[in-house]
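Colleague: I have a structure I would like to understand better, so I am pasting it below and will then ask my questions one at a time.
The values are calculated or read from the model by the stated rules, or taken from the named source; none is laboratory data. Just so we're clear, the structure is a prediction, and the values are computed from it rather than from any experiment. Cβ: placed from backbone, ideal geometry, glycine included. Neighbour counts: every protein chain shown.
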Amino acid sequence: MTDQASTGPDRPSGISGRMTQDVVAGLFLIAIAAFFLYHARGLPLGSLRAMGPGMLPTSIAWIMGAGGALLMVLSLISGGAVMTRPHVRGLFFVLGGIFLFGLTIRSLGLVVAGPAAMIFASFATEEVRPLEATIFAVVMTGFCILLFKYALGLPIPVVAFM
Amino acid sequence: MDIISNLALGFGVAFTVQNMFLCFIGCMIGTLVGVLPGVGPVATIAMLLPITFGLDPTGALIMLAGIYYGAQYGGSTTAILVNIPGEATSVVTTLDGHQMAKQGRAGVALGVSALGSFFAGCVATIFIAALGVPLTRLAQLFGPAEYFSLMVMGLVFSTVLARGSILKALLMVFLGLLLATVGTDLETGQERVTLGIQQLSDGIDFAPLAMGIFGFAEIISNLENPEARDVVRGKIGKLLPSWADIKQSTLPVLRGTFIGGLLGILPGNGAVLGPFASYALEKKIAKDPSRFGKGAIEGVAGPESANNAGAQTAFIPLLTLGIPPNAVMALMVGAMTIHGIIPGPQVMTKNPDLFWGMIASMWLGNAMLVIINLPLIGIWVKLLKVPYRLMFPAILIFCCIGIYSINNSVEDVYFTAFFALLGYVMIKLGFEPAPMLLGFVLGKLMEEKLRQALILSRGSFSTFVERPVSAGLLAVAAIMLIIALLPSINKKRDIAFQE
Amino acid sequence: MKKIIAGAFALALTSTAAFAQAYPTKPITMIVPFAAGGPTDIIARIVAEPMSRTLGQQVVIENVAGAGGTTGITRASAAAADGYTIMMGHMGTHGAAPALYPNLKYDPAKDFAPIGLAAGTPIIIVARKTHPANDLKEFIAWAKKEGDKANHAHAGVGSVSHSTGILLNSIMGTKPTFIPYTGTGPALNDMLSGQVDYMTDQIVNVVSQINAGTIKAFAIATPARSPALPNLPTTKEAGLDSYEVSAWNAMFAPKGTPPEIVAKLNDALVKGLDDAGARKRFDELGAVVPDAAGRTPAALQKLVESEVARWTPVLKEAMAAAKK
């Protein structure tokens, strides 16, 4: 449902110059609404007086979808701000860093998950200095282990592989 | 006067060397842990709860209360400095607080927040001591119908949170309401839009949503615009609020304290609305509402006071009825129970020293907070000088550990990444996250209360207007909606023309 | 090291014995499938303290909340069966869950090595202060007469008050209107203001209100009266002897945990239940500690089987009715 945004036109002079931010925003909301309508389709609606589980998801999704359409129409009429290019590098390294943390925390523990996530994420900016990032990551991880594991006594895995 | 002798008893309990020390330690570690991005008050208290188990009941609860205030205040600090709200009530603080930080006024924002909170805390303490017991009767006027109407009123506030287009803000509220429907249906136990993911069966958690949409999405967006983040570390400005700042904040603090304190009494988590209501009010009565969202000091002073007053009066339903109004108070119940004190109407008569000791320690805790935090402001502000290329990985690791630790769940970490993506897309599309979070927080309560009210009335909608309190709240909501929409329609046209 | 043990069957007996003798050599994680501060968490923490002393290693509580406790139990059941991950299950996760969660990924009777029953909290039938009935007999007559006009509150599908409430109505033969809440607190609040009529809940959640007279209690669903509420009759005394339930909590290890290790853990648990400090705290909670015969792994296995058999038909029927 986020595809529209990342593949959405980011050149001002796009198809007809009308793919403004709000047009894409409208499409985005319509896509989310459709997603919810699809997944809530099997749930009984009930009646207004005795609502079923499907009543609110379905009705809110319709309202939001309709609002998205309105947003699109308004923008097609009156224009508006233009979409800008997404920052793929930032997205990739920051989200990747979080995923690395999730992948390694239980199996390997914080000694691996901490530096892995931090060093990977550091590359999200062009200003990255690999050596500095590595040293900083190791020091921060040590600090986190001392703080969370020993000072606060949280049951967080530190060296899970041993 | 009963209240004087009771308070004297309380202060006698709280002002022992041991309890003052515990209160200080509680405030200190509460602040230090609560300030970590990704660790809100609920997570902080859940983490620190076990360290109080070895103490005597009064000492443990005093320390825990200290942790609570510390975490609350630490959460506001994070909201101001790095735009990550630790809980629903500090969402509002991000709006103007973080803008102030970007303008080099972080110290002023933190100072006003500390002083406003202290004032609100003092008033709330007296309020609880004097009126706590009679006020519980007010709480009982609130059944499901009244809560529903209150939430409707809250949704009307949300239009005021918008910095840009009202239509887009409204649509974000609906997105929040929609996300709130995910999870097991209250009545039938059927799974709704959980996609077969077990962790979603209790619904989406606030922490991964807020951390993703605010924290991580903001990081990615900052990486994209080096100029935007350079402002933060560019100039630092004054560390403490000036006389003019304080004067400008006085009335908002008074109003915020009143609103927050009143809403906090409701056992159905009314405190969550306090900061939103205060912000809405300040923006409505301001001479120039367009300053809001761009670093208006009233937008920090009012909501922060409301937040702290509500955080404090939320103890009323717990101490007098035994009903925890929110997740933090539920943890307090656990803490009391583990010490053999079952919260309820009898705590006051059975354990008067504990009851009044705790109330006295509320004031003590607030005083400690100011003492601890005013000097700390300098350190926090200096942290902003850390180069962003180092700062953001540090924020990331704290958030990951914090999110993981709430439920010891890797899935929550993945959800956060997903919401970060969603949040980034929203930023790109010009949507604001605050109205969405308000919709999300109110959505859960609203559906629950709507359906309870309709089951109780056997399907009759007239219950909402027949019950006087509910009718009154709906009337206020309707009036506010009309006032809010009339000028904004004109304003929106103006903006459209400008573009 | 562990892999070698698991792989080489011939060596398994001797090595596990040696392994068990040394056990435990590192801290043990006890997964509690609820948030910190709830009744199950409190009981787990009370018993973990003396257990740590007996075992000579820390028993660390890890709270993994979600889906009525089934999230945590699912994870714990998949952990290595080496005695270093154990869990505190309860009436819901190991009794009611199979009926409530069609996609449950474990079988309470087959996928665990039971360690032993810990303390349980009794269930009480409570009603609003202004309720016309004065004892259980009058209450049953009232519930029958009112039919669906009666408002029965519960703390959400999957909660103890939900399951035990459905069981009560099924035994009384009544069909009230259920008002679902998201916890005991909000449900109690509406009971205090008289909006809902009655509910069933664990003693620790309601004892203070009962003693203060802000709500009425009709009976306690245990064989003996509780010292915390000595004037409250048992369901048997009050004439509803088939309604006997408690929110029991019990310790399990993943299936395949060596019996020597289970025996060590059971021994530590039993010592923990008899620990004077722990006993005092259980009494304050109104929790009931099982007798000697009820503390063995075999007794727990039998309890789990009988509980699953008891809850499944009642809850399945009620859930099907709610969906209509």
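Colleague: With the requirement that a residue be more than 7 Å from chain B (Cβ to nearest Cβ), in contact with a helix residue (DSSP H, G or I) (Cβ under 8 Å, 6 or more places away or on another chain) and on the phi < 0 side of the Ramachandran plot, what does the range C:182-192 give you?
Modeller: C:T184, C:A187, listed by residue number.
Colleague: For the range A:90-122, how many residues are in contact with a Gly (Cβ under 9 Å, 6 or more places away or on another chain) and among the aromatic types (F, W, Y)?
Modeller: Qualifying residue count for the region: 2.
Colleague: Of all residues in the range C:291-303, which are modelled with pLDDT under 90 and surrounded by 14 or more Cβ atoms within 10 Å (Cβ to Cβ)?
Modeller: Within the range C:291-303, C:G294 is the sole residue that qualifies.
Colleague: Now for a different question. Tell me which residues, restricted to the range C:304-324, are at pLDDT 85 or above and more than 20 Å from C:S159 (Cβ to Cβ).
Modeller: C:E305, C:S306, C:A309 - these are the residues of the range C:304-324 that are at pLDDT 85 or above and more than 20 Å from C:S159 (Cβ to Cβ).
Colleague: Next question. Can you find a residue that is touching a Lys or Arg at 6+ places or on another chain (Cβ under 8 Å) and surrounded by 24 or more Cβ atoms within 10 Å (Cβ to Cβ) anywhere in the range B:278-288?
Modeller: Looking through the range B:278-288, at least one residue is touching a Lys or Arg at 6+ places or on another chain (Cβ under 8 Å) and surrounded by 24 or more Cβ atoms within 10 Å (Cβ to Cβ).
Colleague: Still on this structure, I have one more. Any chance you could count how many residues in the range A:108-162 are within 9 Å of chain B (Cβ to nearest Cβ), part of a helix (DSSP H, G or I), more than 27 Å from the chain's Cα centre (by Cα) and aliphatic (A, V, I, L, M)?
Modeller: Here the count works out to 2.
Colleague: Could you figure out which of (1) in a loop (DSSP other than H, G, I, E, B); (2) over 26 Å from B:V425 (Cβ atoms) isn't true of B:I204?
Modeller: For B:I204, the failing item is (2).
Colleague: Could you count how many residues in the range A:94-134 are within 11 Å of B:V413 (Cβ to Cβ) and in contact (Cβ under 8 Å) with a residue 40 or more places away in the chain?
Modeller: Count: 2.
Colleague: Something else about it: Say whether the condition of being assigned to a loop (DSSP other than H, G, I, E, B), closer than 26 Å to C:N231 by Cβ and more than 14 Å from every other protein chain (Cβ to nearest Cβ) is met by at least one residue in the range C:135-143.
Modeller: For the range C:135-143, residues assigned to a loop (DSSP other than H, G, I, E, B), closer than 26 Å to C:N231 by Cβ and more than 14 Å from every other protein chain (Cβ to nearest Cβ): present.
Colleague: What's the total number of residues in the range B:427-440 that are among the aliphatic types (A, V, I, L, M) and surrounded by fewer than 24 Cβ atoms within 10 Å (Cβ to Cβ)?
Modeller: Total meeting the criteria: 2.
Colleague: Quick check on my filter: what residues within the range C:228-285 are outside the structural domain of C:V308 (by TED's automatic domain parsing), assigned to a helix (DSSP H, G or I) and touching a residue at least 24 places away in the same chain (Cβ under 8 Å)?
Modeller: C:T235, C:A238
Colleague: Taking the condition crowded, with 21+ Cβ neighbours inside 10 Å, in contact (Cβ under 8 Å) with a residue 24 or more places away in the chain and β-branched (V, I, T), does B:T181 pass?
Modeller: Against the criterion (crowded, with 21+ Cβ neighbours inside 10 Å, in contact (Cβ under 8 Å) with a residue 24 or more places away in the chain and β-branched (V, I, T)), B:T181 qualifies.
Colleague: Right, here's the next one. Look through C:G95, C:G165, C:G158 and report the one residue that is under 30 Å from C:G277 (Cα atoms) and buried (at least 22 other Cβ atoms within 10 Å of the Cβ).
Modeller: Of the residues listed, the single one that is under 30 Å from C:G277 (Cα atoms) and buried (at least 22 other Cβ atoms within 10 Å of the Cβ) is C:G95.
Colleague: Give the residue that is nearest to the chain's Cα centre (by Cα), with candidates limited to residues of the range A:60-80 that are surrounded by 15 or more Cβ atoms within 10 Å (Cβ to Cβ), of a type outside the set (A, V, I, L, M) and more than 8 Å from chain B (Cβ to nearest Cβ).
Modeller: A:G65
Colleague: Then there is this: Search the range B:449-460 for residues that are free of Cβ contacts under 8 Å to residues at least 40 places away in the same chain and pair each with any residue that is in a helix (DSSP H, G or I) and among the hydroxyl-bearing types (S, T, Y) when their beta-carbon atoms are under 9 Å apart and the residues are at least 6 apart or on different chains.
Modeller: Here the result reads B:L454/B:T463, each pair linking the range B:449-460 to a residue that is in a helix (DSSP H, G or I) and among the hydroxyl-bearing types (S, T, Y).
Colleague: Now a separate question. Do we have C:V157 as under 24 Å from C:G69 (Cβ atoms), part of a loop (DSSP other than H, G, I, E, B) and either in contact with a strand residue (DSSP E or B) (Cβ under 7 Å, 6 or more places away or on another chain) or away from every other protein chain (no Cβ under 14 Å) (or both) here?
Modeller: Yes; evaluated as a whole, the condition is true for this residue.
Colleague: So which residues in the range B:185-201 are closer than 19 Å to C:V64 by Cα, at the interface with chain C (Cβ under 7 Å from one of its Cβ atoms) and over 25 Å from the mean Cα position of the chain (by Cα), if there are any at all?
Modeller: B:Q198
Colleague: Among the residues of the range B:406-414, is any hydroxyl-bearing (S, T, Y), free of Cβ contacts under 8 Å to residues at least 40 places away in the same chain, closer than 21 Å to B:P85 by Cβ and crowded, with 19+ Cβ neighbours inside 10 Å?
Modeller: Yes, that holds for at least one residue.
Colleague: Within the range B:23-44, is even one residue farther than 20 Å from B:G402 by Cα, crowded, with 22+ Cβ neighbours inside 10 Å and either touching a strand residue (DSSP E or B) at 6+ places or on another chain (Cβ under 6 Å) or modelled with pLDDT under 85 (or both)?
Modeller: no
Colleague: Kindly indicate whether any position in the range B:429-438 is assigned to a helix (DSSP H, G or I), within 8 Å of another protein chain (Cβ to nearest Cβ) and of a type outside the set (G, A, S).
Modeller: Looking through the range B:429-438, none of the residues is assigned to a helix (DSSP H, G or I), within 8 Å of another protein chain (Cβ to nearest Cβ) and of a type outside the set (G, A, S).
Colleague: Would you check if there is a residue in the range B:441-456 being surrounded by fewer than 24 Cβ atoms within 10 Å (Cβ to Cβ), facing chain A (nearest Cβ under 7 Å), in a helix (DSSP H, G or I) and more than 21 Å from the chain's Cα centre (by Cα)?
Modeller: Checked the range B:441-456: at least one residue is surrounded by fewer than 24 Cβ atoms within 10 Å (Cβ to Cβ), facing chain A (nearest Cβ under 7 Å), in a helix (DSSP H, G or I) and more than 21 Å from the chain's Cα centre (by Cα).
Colleague: Given the options B:A109, B:A145, B:A139, B:A180, name the one that is within 21 Å of the chain's Cα centre (by Cα), modelled with pLDDT of 90 or more and farther than 17 Å from B:V441 by Cα.
Modeller: B:A109
Yes/no matrix, rows are residues, columns are (1) among the aromatic types (F, W, Y); (2) in contact (Cβ under 8 Å) with a residue 60 or more places away in the chain; (3) farther than 30 Å from B:A453 by Cα:
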residue: B:Q248; (1), (2), (3): no, no, yes
residue: B:V253; (1), (2), (3): no, yes, yes
residue: B:L263; (1), (2), (3): no, no, no
residue: B:G268; (1), (2), (3): no, yes, no
residue: B:L273; (1), (2), (3): no, yes, no
residue: B:F276; (1), (2), (3): yes, yes, no
residue: B:L281; (1), (2), (3): no, no, no
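Colleague: Here's something else I'd like to know. Select from the range A:81-107 the residues that are part of a helix (DSSP H, G or I), under 22 Å from B:Y424 (Cα atoms) and within 7 Å of chain B (Cβ to nearest Cβ) and list them in ascending order.
Modeller: Within the range A:81-107, A:G90, A:L91, A:V94, A:L95, A:G97, A:I98, A:F99, A:F101, A:G102 meet the criteria.
Colleague: Would you please list the contacts, defined by Cβ atoms under 8 Å and residues six or more apart or on different chains, that run from a residue in the range B:34-59 that is without any contact (Cβ under 8 Å) to a residue 60 or more places away in the chain to a residue that is charged (D, E, K, R)?
Modeller: Here the result reads B:P50/C:R45, each pair linking the range B:34-59 to a residue that is charged (D, E, K, R).
Colleague: Looking at the range B:369-388, which of its residues are modelled with pLDDT of 85 or more and surrounded by 24 or more Cβ atoms within 10 Å (Cβ to Cβ)?
Modeller: B:L369
Colleague: Moving on. Only one of these is within 17 Å of the chain's Cα centre (by Cα) and modelled with pLDDT of 90 or more: B:A311, B:A301, B:A271. Name it.
Modeller: B:A301
Colleague: If you don't mind, there's one more thing I want to ask. Are there helices (runs of 4 or more DSSP H) fully within the range B:302-405 with at least 3 residues that are touching a Cys at 6+ places or on another chain (Cβ under 9 Å)? List them.
Modeller: Of the helices (runs of 4 or more DSSP H) lying wholly inside the range B:302-405, those with at least 3 residues that are touching a Cys at 6+ places or on another chain (Cβ under 9 Å) span B:352-383.
Colleague: Determine, yes or no, whether B:F157 is more than 10 Å from chain C (Cβ to nearest Cβ), assigned to a helix (DSSP H, G or I) and under 22 Å from B:Y279 (Cα atoms).
Modeller: yes
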